[in-house]
Amino acid sequence: MQTLTLNNGVRMPALGLGVFQTPPQETRDSVTAALELGYRHIDTAAAYGNEREVGQAIRESAVPRDEIFVETKIWISDFGYDETLHGFDKSAAKLGVDRIDLLILHQALPSGFDRTLAAYRALEKLLADGKVRAIGVSNFMVEHLTALLDATSVVPAVNQLEIHPYFQQRAVLDFDDAHGILNQAWSPIGGITFYPGYGEHRVSVLQDPAVTRIAEAHGKSPAQVLLRWGLQQGRSVIPKSTKRHRIAENIEVFDFALTTDELAALDALETGRRGGPEPEAVTLADFGRAIPEA
């Protein structure tokens, strides 16, 4: 497994299993399968409602805990200094761990950015106390990152973003690169959303002719090509699947390389269409929900 070095020296597996929208029992089975197949990085979140099952699968695995990189996220309802410290306690208890490898803020919450800053300062405290190994953010745009860097002392290790050939967020990627923040891709194969194609048909990036041509040239699947595109450009990728054969397929991406022309062809697929919510639209009124106690 390829690893990436975060800005504080912590090494993280470049590819992980995501469990967004995975029901609890399926989460346990998916994580179990992933660990058996060689995954060593699991990405979950308080808001997913499946941290407990992630932790259960990790405990029941034959893989030692110190070989598994556990990443989770604080939801906006738990933003604020004391609230975020308690959010860590809830996540750690559900996961059944004393220390979380990477803890990130799930959204920027632009309408309550003072709470966002307080939440990040809590992450800095958890880092200083050794309760987490690295801290970061998710879905932060350039203006959010600029304000965060101006007001805090620890540069985020990671910014987890929607990144795939149809939506690349190059301005954010470039800002992160310039500040030593690792870009991490959620929906790296565009799996959560479909885009208008020709006429009335709707196609996904997996069905794009440029992607399928490259896949055929390498004897790989379209999903493997899209994951390789992200990895080869220095990003972490977090594909999600509940099917064992897909989980196995998604990790078989370290035995081939895309050419410069192939990378450029995938880069040229940008549509500018975001699949997830607009960051400015994420408010407590519309997205806030209580995160249960452990």
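Filtered by the rule that a residue be touching a Lys or Arg at 6+ places or on another chain (Cβ under 7 Å) and crowded, with 16+ Cβ neighbours inside 10 Å, the stretch 254-292 gives Leu258, Ile291.
This table checks each residue for (1) assigned to a strand (DSSP E or B); (2) open to solvent by less than 60 Å² (accessible area, probe 1.4 Å); (3) modelled with pLDDT of 95 or more.
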position	(1), (2), (3)
Arg52	no, no, yes
Gly55	no, yes, yes
Arg59	no, no, yes
Ser77	no, yes, yes
Glu83	no, no, yes
His86	no, no, yes
Ser91	no, yes, yes
Val97	no, yes, yes
Leu103	yes, yes, yes
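Against the test of being in contact with a helix residue (DSSP H, G or I) (Cβ under 9 Å, 6 or more places away or on another chain), under 20 Å from Gln169 (Cα atoms) and part of a loop (DSSP other than H, G, I, E, B), the options Glu270, Glu262, Glu280 yield a single qualifying residue, Glu270.
Results for (1) open to solvent by less than 10 Å² (accessible area, probe 1.4 Å); (2) closer than 21 Å to Pro292 by Cβ; (3) within 16 Å of the chain's Cα centre (by Cα); (4) not acidic (Asp, Glu), shown as yes or no for each residue.
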| position | (1), (2), (3), (4) |
| --- | --- |
| Gly9 | no, no, no, yes |
| Phe20 | no, yes, yes, yes |
| Pro24 | no, yes, no, yes |
| Arg28 | no, yes, no, yes |
| Arg65 | no, no, no, yes |
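Just so you know, in the stretch 30-50 the residues that are closer than 21 Å to Gly87 by Cβ and in a loop (DSSP other than H, G, I, E, B) include one that is most open to solvent (accessible area, probe 1.4 Å), and it is Gly49. Candidates Ile251, Ile238: the one that is closer than 17 Å to Phe20 by Cβ and either over 16 Å from the mean Cα position of the chain (by Cα) or surrounded by 16 or more Cβ atoms within 10 Å (Cβ to Cβ) (or both) is Ile238. Residues of the stretch 116-125 that are buried (at least 21 other Cβ atoms within 10 Å of the Cβ) and of a type in the set (A, V, I, L, M, F, W, C): Ala119, Ala122, Leu123. Among the residues of the stretch 223-232, are any buried (at least 16 other Cβ atoms within 10 Å of the Cβ), at pLDDT 95 or above and over 28 Å from Phe140 (Cβ atoms)? So far as the stretch 223-232 goes, yes, one or more of its residues are buried (at least 16 other Cβ atoms within 10 Å of the Cβ), at pLDDT 95 or above and over 28 Å from Phe140 (Cβ atoms).
The values are calculated or read from the model by the stated rules, or taken from the named source; none is laboratory data. Being a predicted model, the structure only gives us computed values, none of them experimental. No Cβ is skipped: glycine too gets one built from the backbone with ideal geometry, and neighbour counts run over all protein chains shown. Keep in mind that these areas ignore ligands, DNA and RNA; they rest on the heavy atoms of the full protein, side chains included. Shrake-Rupley method; radii C 1.70, N 1.55, O 1.52, S 1.80 Å.
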